[in-house]
Amino acid sequence: MKKPFAIFLLGAALLAGCGTADRPATTSQSPPRSPGPPAAGTVAWRPCTDLTGPDGKALPPTSGFECGTVQVPLDHDEPGGKKIGLALIRVRATGDRLGSLVFNFGGPGASGVDTLALAARAFASLGTRYDLVSFDPRGVGRSAGVTCGGQVEKLLEAESAAGGDRPAREFAAACAKDSGEVLPHVGTVSAAKDLDLLRAALGDPELNYFGMSYGTHLGAVYATLHPRGVGRFVLDGAYDPTVTFEERAVTQATGFARSFEAFARSCVAQGCDLGADPAAVERTVDDLLERLKERPIEVGDRELTHALAQLAVITPLYAKSTWPLLERAVAAAVKGDGKELLALADSYTGRRPDGTYTTMMTSLQAVSCADTDERPTAADTARINERIRKIFPILAADSTAAGPCAHWPVPGDDAAKHIDATGSAPIVVIGGKGDPATPYPWATALTKQLRTGVLVTYEGEGHGAYLSGDACVLRTVDAYLLKGETPAAGASCPA
C-alpha cells in the first residue's frame, strides 16, 4: 500500500482538532541566488542503524543512508540552556553537488528520517545535484518526540458520543506526564528557528527546501523569519495558516467530499463492487460506517471501530493511485472482513505491527495545539460536526465533547500564522485543484501572504503534486531546483 507522505490532520473529525508549464519558463525576476561552493558543515555523519524498509524489515547500515544529529536549544529564548538533538538523514548527491536540499514531508508529526528512507528514489533526479536531507522536527520521533504514554487510542475514543471529555483529558494528562518539558517548545516558530541552525550545520549559506503539506507552513515561517536565508524553495500542497479551526475543518470536509465523488465516479466507470452509480457507492460506505457504530468488526484480537473506519476511508483519498485500495477494503468489510480497512487506519495513525505507535498522532496534536490559541469548546465541536455532516457525512463525528486542545496543558499562540517573506528569493508554491487535504484556495492565499510566492497550479487529483508523478510538475520543479528557472506567473500543469 502506498502510504501518503504528506498528511495534514482533518479538523473536527479528530481535533476538537492547459497551462503555460508544459515546459519551464522564467519570469522577468532574477533566478534564485546560487548557493555557491558548499562548505563541509559540522554534522558528524555515520551509517544509519535504525531504519526499516517498506516491508518493515531493518535496513542494513550499508543501505546508502547516513544519519546524524544537530543540537538545538530546547528554548530558543535561552540559547545557552538545555539542548535537544534533531535526528537527520542524508543521501549524498550523485553528481556535481549544489548543496543540500532539506525536506519536510508533512504532518505536523511525520518523521522525515523514516520518510526519506522510504521515498528517496522518488527524488532521484534532484539527488543528482543535491544531498537529499531530512529530519525529525522537534517533538517528533527521534527528536525529543512527544509520546503521551502511548495513548493514541484516547484521541480516537474522544470521537465516541459516550466518552465525553474524559478521553481528551486523559490524553492531555498523559502528554504532560511524558513530555511536559518539551510541550511548550514544539511550535512551528521554534521548528523554523531550528531549520536555520540545521542550514548552518550543513554548511549551506542559504536553505534549499522542499516542503509538503504541513511542510509548506514550516517553510513559510522560516522564510518569514529568515527571508535572506531562502535559497530555492518549493512548497507543495500549501496550507493557509490564517484559517480558523472551523474554517479548516469545513474546507477539508469539502475537499474530501469532492475527492470521494471523483473516486466513486471512477469506480463506477470501471465496474465497481460498491454500487452501480456514485450515489450507491456513497450509501454503501455510509451504511458500513453506521453499522460499525454499534457492531465493530473483530480483526484478530482487535476491532475495526467506526472511528478507525473513518480514517481508513479517508486515507486512500489522498492519492488517486490508492483509490483501488478503498474499493477493495470497503467491499471486504461489507462482507465482514475488516483487515484491510484496519491496515489503512493503522497507516494513518502510525501503528506498528507490535501494537506500539510512532509519534505521528501525538506530535501532530502537540504542534497543532501549540500553533494556535484557539481552544474549541464542546459547543464549537457540535456546531462544526453538524456543518461537516451536511457536506460529507463520512467525516462527521458523533462526539460533542471539547477537543484535546481545550484540555492542553500549555497555552498556544498565533505567532506561526503571520507570514511575510518580503525580501526573499522567489518561492514556488504548488496548489492542486483536486487536493482534498490542502485545497487549492490555500495555495493562492499562501502565495499572496509570502509576497515573493510564484504559484504553479496542478489540475490533477491528490494531495501534493510532485509525488503524483505528473511529468509537467516534475519538469517544472526540477528545472527550478536544479537550474534556478523560476516558473512563469500563472504557470499550470494539466491533469
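Descriptive notes on the structure:
- Single residue of segment 103-147 satisfying the filter (assigned to a loop (DSSP other than H, G, I, E, B) and among the β-branched types (Val, Ile, Thr)) that is surrounded by the fewest Cβ atoms within 10 Å (Cβ to Cβ): THR147
- Residue in segment 373-395 that is touching a Lys or Arg at 6+ places or on another chain (Cβ under 8 Å) and crowded, with 19+ Cβ neighbours inside 10 Å present: no
- Residues of segment 326-367 classified as of a type in the set (Val, Ile, Thr), under 22 Å from the mean Cα position of the chain (by Cα) and open to solvent by 50 Å² or more (accessible area, probe 1.4 Å), total: 1
- The lone criterion from (1) buried (at least 22 other Cβ atoms within 10 Å of the Cβ); (2) in contact with a helix residue (DSSP H, G or I) (Cβ under 6 Å, 6 or more places away or on another chain) left unmet by ASN208 is number (2).
- Count of segment 269-289 residues which are assigned to a helix (DSSP H, G or I) and closer than 16 Å to LEU317 by Cα: 5
- Consider segment 148-190 and keep the residues that are of a type in the set (D, E, K, R) and at pLDDT 95 or above. The one that is surrounded by the most Cβ atoms within 10 Å (Cβ to Cβ) is ASP178.
- In segment 77-93, the residues that are within 30 Å of ALA120 (Cβ to Cβ) and touching a Leu at 6+ places or on another chain (Cβ under 9 Å): LYS83, ILE84, LEU86, LEU88, ILE89, ARG90, VAL91, ARG92, ALA93
- Members of segment 446-471 that are surrounded by fewer than 21 Cβ atoms within 10 Å (Cβ to Cβ), among the small types (Gly, Ala, Ser) and outside any loop (DSSP other than H, G, I, E, B): GLY460, ALA471
- Residue check, PHE263 modelled with pLDDT of 95 or more, under 17 Å from the mean Cα position of the chain (by Cα) and either part of a helix (DSSP H, G or I) or farther than 25 Å from VAL473 by Cα (or both): no
- Among residues that are within 19 Å of ALA396 (Cα to Cα) and either part of a helix (DSSP H, G or I) or open to solvent by less than 10 Å² (accessible area, probe 1.4 Å) (or both), ARG228 is not included.
- Residue check for GLY80: over 24 Å from LEU481 (Cα atoms), out of contact with any helix residue (DSSP H, G or I) (no Cβ under 8 Å at 6 or more places or on another chain) and open to solvent by less than 10 Å² (accessible area, probe 1.4 Å): no
The values are calculated or read from the model by the stated rules, or taken from the named source; none is laboratory data. Predicted, not measured: the structure shown is a model, and the values here were computed from it. Counting neighbours? That spans all protein chains shown, and the Cβs are built from the backbone with ideal geometry, glycine included. Surface areas here come from the heavy atoms of the whole protein model, side chains and all, with no ligands, DNA or RNA. Shrake-Rupley method; radii C 1.70, N 1.55, O 1.52, S 1.80 Å.
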